[in-house]
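Worksheet for the structure shown next.
The values are calculated or read from the model by the stated rules, or taken from the named source; none is laboratory data. A quick note: this is a predicted structure, and the numbers were derived from the prediction, not measured. Neighbour counts are summed over all protein chains in view; Cβ atoms, including those assigned to glycine, are modelled from backbone coordinates with ideal geometry. The protein model used for the area step is the full one, side chains on, heavy atoms only, and it has no ligands, DNA or RNA in it. Shrake-Rupley method; radii C 1.70, N 1.55, O 1.52, S 1.80 Å.
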Amino acid sequence: MITKVHDVVIVGAGLAGLRAAEVSCKTVDVGIVSKVYPVRSHTVSATGALHISPAPGEDPNEYMRETIKGGDYLNDQDAVEVMAEEGFPELIRLEDMGIVFHRTISGAIIRSSPGGMTTRTATIVSSGWAQELVCTLQEQLYKRRVTFYNEFFVTSLLVKDGICRGITAYDIADGEFYVIRAKAVIIASGGGGRVYSVTSNSHICTGDGTAIAFRAGALLKDMEFVQFHPTVLYGTGILISETARVLGGYLVNAQGERFMDKYAPHFKEMAPRDVVSQGMQKEIDEGRGIEGKYIGIDLRLLRKRFRRSMNIPMFKQRFDAFAELAKNFAFVDIDKELVPVIPGEHFTMGGIKTNIWGETNVKGLFAAGECACTGVQGANREGANALTECVLFGRRAGLKAAEFIKKAELLDFPLESVNSELEKINTLLSSKGNYDVSKIRTQLQDTMWKYSSLFRNQQGLEKCLRIVKDLKEKFKDINIGDSSKTFNTALIYALELENLLDLAECIVLGALNRKEHRGAHYREDFPERDDENWLKHSLFTYNNGNTPILSYEPVIIKDFPPKAREY
Amino acid sequence: MLVKFKVFRFDPSVDLKPKYELFDVPSEKDTTVLDGLIYIKENLSKSLSFRRSCREGVCGSCAMRINKISNLACKTHVFDVMNDDSVLIEPLDHLQVIKDLVVNLEPFFDGIRHVRPWRIANLNEENVEKPRKIDMNKFLKTMEAKSCILCAACYSDCNVIDVDRTFIGPAALVKVARFVSDPWDSKDGRLREAIDLGLFKCPIDQECEIACPRDIDIRRGVVEWLRYQCTKEGLGPLPTHKRLVQNVLETGGVVPVQDTPAFSLFPEYIKEFEGEPQAEVILFTGCIINRRQQDTCRAIIEIFQNNRVAVHLPKGQTCCGSPFMRTGQRDTMKPFVTQNFNLFNEFAQKGITHVVTSCSGCNSTLRFDYPQLAKEYDIPINFEIYDIGEYMAKIIDLNTEDLKETPLKLMYHYPCHIKASGLEEEIYIDLIGKIPSLELVDSPKSGLCCGGGGGVRSAYSDLSDALAIRRIEIAKDFGVNGLVTNCPFCVISFERVLDLKKAQNEDMGFELYDFYRLFADAYK
Ligand SMILES: Cc1cc2nc3c(=O)[nH]c(=O)nc-3n(C[C@H](O)[C@H](O)[C@H](O)COP(=O)(O)OP(=O)(O)OC[C@H]3O[C@@H](n4cnc5c(N)ncnc54)[C@H](O)[C@@H]3O)c2cc1C
Ligand code: SF4
Ligand code: SF4
Ligand code: FES
């Protein structure tokens, strides 16, 4: 066992983690731990659109109103205010670091409006991929000599007496076990899309940090709210970005009918993601899917329509990005054929409960990015708001943690917890049980997709919960099939599965109890929003592996009271 | 169908040496190599280790060698790469194996860190109260370089790294270009540093480009572009490269004259056959063939005569200037472009519009660099440029009847400049295959650098020799008598090391065949 010490330890080197590190490392000593190299984090596959609030002097209200309406009024409005106020200065900071944002020919920033919005707020990173954001931030850290723990898997938080004292981590390359002590820990470990069989998320999105924090006593919030993006490729789940619809691509069913008219007469394809996805799924469920299975997105006229814009390199690059994905992974030529798409898991709205400074209920523990739930996304995230959440709240968590450690002491860590983590790993390495990790994972993903995705009901969710619990039992009797200490990915997959199971249980539990339709959570048996009973957040408390304890707290509402939601 | 995955396995903590394991993987049209590996891990060997994350070709995790060429496993479809229903999967090269397909990437990332990948100075001083206006056109190069995903595929396939680990490698140079081109960064010391890290060691064979999943224009857009920036900043080219230009200006060619130049040996118009020619060409020989490989020039003329092609050999042609383009001396090109293209235009007025080149370096220069330069200098282009092999294969009716038996077992060496001209290897393999009883062994697809390009031979001759020897050794492993190639630079590089070895009493037992001489001899 090796022990290391830092002022602040950050778990996760995606956009949120890197942003937190960049700001905190200017004043305190930072270690950043990631199970993959930073540039392999999930953020790199994001389309690279981020909402940038109005420049000084412009009106932020429209953006806030639309984000909150998009989130079906479950958004905590203090958090939405942060997004509306801090975006522009952040854009300038990011630009100074070396990120380039799209410009028009005259040199002005290009903005567009994502689904469900009419305000033009989304700004695109020039290379058309969020890869540029991650790469540039990593380089900023190179400049500042932060300690990187690349390919270290964090297994637990060291919490005693309600105070976080560090983490335990496993060095994937050589199997060495680490205790990394710190006065503050920031979790920025991303979403958990791999709970579902159909997802646009990377293989590594297994919600580890959320589950780890949960087991260490952090409250989770709104876990039942999971976003399903309308257009992931049928078969692989690879995302066809919203840009396709922003530019005018539209959805058709087997009859060639542009069915979104029915579900969102005004916004049609450009309604928020929950509305479009639910519409698509209805079409498929009612037998109007193409080959009974998928919906077509028609992009055939776009290249012609934007003939002139194709001369602008950034435009062409963005356009070609999804043309290339469709060609590589679905073998279709977007200029000639419909692209086969279905709705697929895309974003975890819920997560570790934090305030607008990333603080959790555990002292010394912070969270930011997709793993956190500041309440900013509500019941349905609007396009381009995730990356903004990562940079703004990542930065805030970094600042707050750096401030926190000034008054904090380095405390002793609970050796018992370290020992039990070590034992867990050794048990897994020598496991000889009856069940296979990949089989349990597949069964979990299929079950979640079947009963706990776009449309949910009491019966299905009850069944789902039973199966998840059963899989949790089976997990205790697994055989990972590799006892090597050198780059043992079988072990990592097992540790990830443990986390997926915990998250799944919370999702199902929250969904089972929430008897209404709000945003992405759609109960067929309760198809209306119910503000009287359900305008509140779900909170999940860890219960020693038993069914989590569910409680509720009010939504922070400021200037935008709930209204009917029509698109 | 079942595809055989032959997978490299090695766990240094238990295995003495690496081994290859065979797995049957059910595959369909849309199965990627990564899908196959996941299938193996879930069903056949739980201990198989590989990296993966995004599975859509943007995170760079899954770079590995697939049939000897580095690529992303998640972007490669099994059906596109399999040979006889099997696929060979190995870890990236030049990096130490941690386990199976996982390599230690630290040296690669160290290279990136080493070039200070951040703005040294932020030269943007506008106020930030309003969104800044910027001219995107000024950021185009920066943006291209920014699309690098740091997958290390190029590092794995780089020829120079294979023989010289002090070379920083293509991805780090891409990073340098990203900052040197950034209008908001100061270039402060970056170019000087790049030269020290081996900017001029790259023989521009562009194998890295074949590997690069982001299709970054590494050779022209990065290496040559950086070299040009060096010249503009007064830091380059290297002294030997400057001397090359001097040679041409003083003597009319890059290399000194050995024996009587071809231009003096042959008339300006050659038609030795009876009757109407099937075609009439202008032969652009390039300096090497004119001044040092007169036999090759003779062979070319013979090939054309055997094919009833009339040849013009205008003495007014001059050096193509390729070595200057390759070493960043773009600004010296005007006299060469003007003289050569004006000459061709004069012929075009007489109705003779086919220019053929015998040197692959000349070909790629005339075809890709000249048109851009000509545009800048306002010179029209009223003719077409062909490589001779291409001309033989595609334009004329090739006389194959008179080809005599030539019992040799050879391997074709595909020159990087031919590749740069967009000409496929198959053209030449088919051509050589027309010679009766000549057996042509398939060449591997990587490790093909002769070391002679990009000004490397003149500046780093040891490196150049090491590359040439390596290429010969790769070929020897296939049990062939020799290499056959159609680039005078390759010929010189290989002949030079073969002679060197002989002089050191270490005869490599290997021959180098000039494509033109081989072909002309077959007509005798
Ligand atoms: C295909 C796609 C496109 C998208 N496009 C957009 C878009 O255009 N605009 C937008 O706003 N949003 C978009 N999103 C959403 C957005 O990309 C994510 O919400 C965001 O990238 C999350 O960033 P993060 O920093 O929170 O986490 P991630 O980028 O997922 O990073 C998580 C980090 O945590 C580390 N980690 C996790 N577990 C462990 C562990 N156990 N031990 C150690 N380290 C660990 C990982 O290694 C990684 O470094 C998109 C999402 C998808 C799936
Ligand atoms: S052109 Fe060849 S030597 Fe140069 S960087 Fe690419 S692979 Fe390496
Ligand atoms: S230049 Fe291309 S091959 Fe090299 S690291 Fe970048 S993306 Fe990969
Ligand atoms: S898994 Fe990300 S590039 Fe292949």
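Brief remarks follow.
- For B:K138, the lysines whose Cα comes closer than 19 Å to its Cα, not counting residues fewer than 8 places off in the same chain, are A:K316, B:K146, B:K175, B:K187, B:K232.
- The distance from the alpha carbon centre of region B:459-516 to that of region A:277-301 is 61 Å, rounded to a whole number.
- Principal axis analysis of the Cα atoms in chain B yields extents of 72, 65, 48 Å, listed in decreasing size.
- Estimated 222 nm signal from helices in chain B, with DSSP H stretches of n ≥ 4 weighted -39500 (n - 2.57), rounded to 500: -10000 deg cm²/dmol
- Relative protection proxy for A:329-336, A:314-321, A:215-222, from highest mean packing down: A:215-222, A:314-321, A:329-336 (other beta-carbon atoms within 10 angstrom).
- Rg/Rh for the protein assembly as shown stands at 1.01; both radii use Cα atoms, and Rh follows the Kirkwood definition.
- For chain A, the alpha carbon convex hull comes to 141 Å³ per residue, rounded to a whole number.
- Hydrophobic, long helices, defined as DSSP H runs whose alpha-carbon span along the helix axis is 15 Å or greater and whose mean Kyte-Doolittle value is at least -0.5, occur in chain A at A:77-97, A:313-330, A:385-407, A:415-429, A:489-513.
- Where B meets A: accessible area buried, both sides, 1.4 Å probe, Å²: 5500
- The mean number of partner chain beta-carbon atoms within 10 angstrom of a residue's beta-carbon across peptide B:320-333 is 0.
- Average beta carbon contacts from partner chains per residue of A:92-103, 10 Å cutoff: 5
- From its DSSP helices (H runs of at least four residues, each -39,500 (n - 2.57)), chain A gives a residue-normalised ellipticity at 222 nm of -11500 deg cm²/dmol.
- In percent, rounded to a whole number, the relative contact order of region B:252-395 is 26, using alpha-carbon pairs under 8 Å and six or more apart.
- Under the Debye formula (equal points on every Cα, no solvent term), log10 I(q)/I(0) of region A:356-492 at q = 0.09, 0.16 Å⁻¹: -0.49, -1.12
- Between 0 and 90°, nearest 10: helix B:488-503 axis offset from chain B longest Cα axis: 80
- Relative contact order, percent, chain A [alpha-carbon distance under 8 Å, six or more residues apart]: 22
- A simple packing score, the average count of other Cβ atoms within 10 Å per residue, orders the peptides A:177-184, B:360-367, B:250-257 as B:360-367, A:177-184, B:250-257, with the highest score first.
- Alpha-carbon centroids, region A:450-516 and region B:356-417: separation in whole Å: 62
- For residues of B:9-18, the mean tally of beta carbons on other chains within 10 Å: 2
- Sparsely packed chymotrypsin sites (Phe, Trp or Tyr not before Pro) within region B:319-359, loop by DSSP, other Cβ within 10 Å at most 12: none
- Shape call, region A:230-344: gyration tensor on alpha carbons, a/c limit 1.5: prolate
- When the inverse distances between all different Cα atoms of region A:426-567 are averaged and flipped, the Kirkwood radius reads 17.1 angstrom.
- Exceeding the 20 Å Cα-Cα cut-off - candidates A:K424/A:K474; B:K6/B:K41; B:K19/B:K75; B:K409/B:K476: B:K19/B:K75
- Packing-based ranking of A:191-204, B:160-173 yields A:191-204, B:160-173, ordered from highest to lowest mean Cβ neighbour count within 10 Å.
- Estimated FRET transfer efficiency (B:K19, B:K394; beta-carbon r; R0 30 Å; 0.05): 0.10
- Distance (nanometres) between label positions extended 7 Å along Cα→Cβ at B:D295 and A:N533: 9.6
- Accessible surface area normalised per residue over the protein assembly as shown is 35 Å², counting heavy atoms of protein chains with a 1.4 Å rolling probe.
- In chain B, Cα pairs under 8 Å separated by at least six residues give a relative contact order of 11 percent.
- Over region B:106-232, the reciprocal of the mean inverse Cα-Cα separation, the Kirkwood hydrodynamic radius, stands at 15.0 Å.
- Quotient of C-alpha Rg and 2.2 N^0.38 Å, computed over region B:26-174: 1.30
- Pairs of C-alpha atoms in region B:2-102 farther apart than 18 Å represent 41 percent of all such pairs.
- Rounded to 10°, Cα long-axis angle of helix B:170-180 versus longest principal axis of chain B: 90
- The value given for region A:387-464 is a Kirkwood hydrodynamic radius of 17.8 Å, derived from the mean inverse Cα-Cα separation.
- Values of log10 I(q)/I(0), in the order q = 0.17, 0.27 Å⁻¹, for region A:77-125 under a Debye, Cα-only, solvent-free model: -0.60, -1.14
- Region A:177-243-region B:272-302 distance, computed between alpha-carbon centres (Å): 67
- Of B:K29, B:K46, the residue with the largest accessible area leads and the full order is B:K29, B:K46 (1.4 Å probe).
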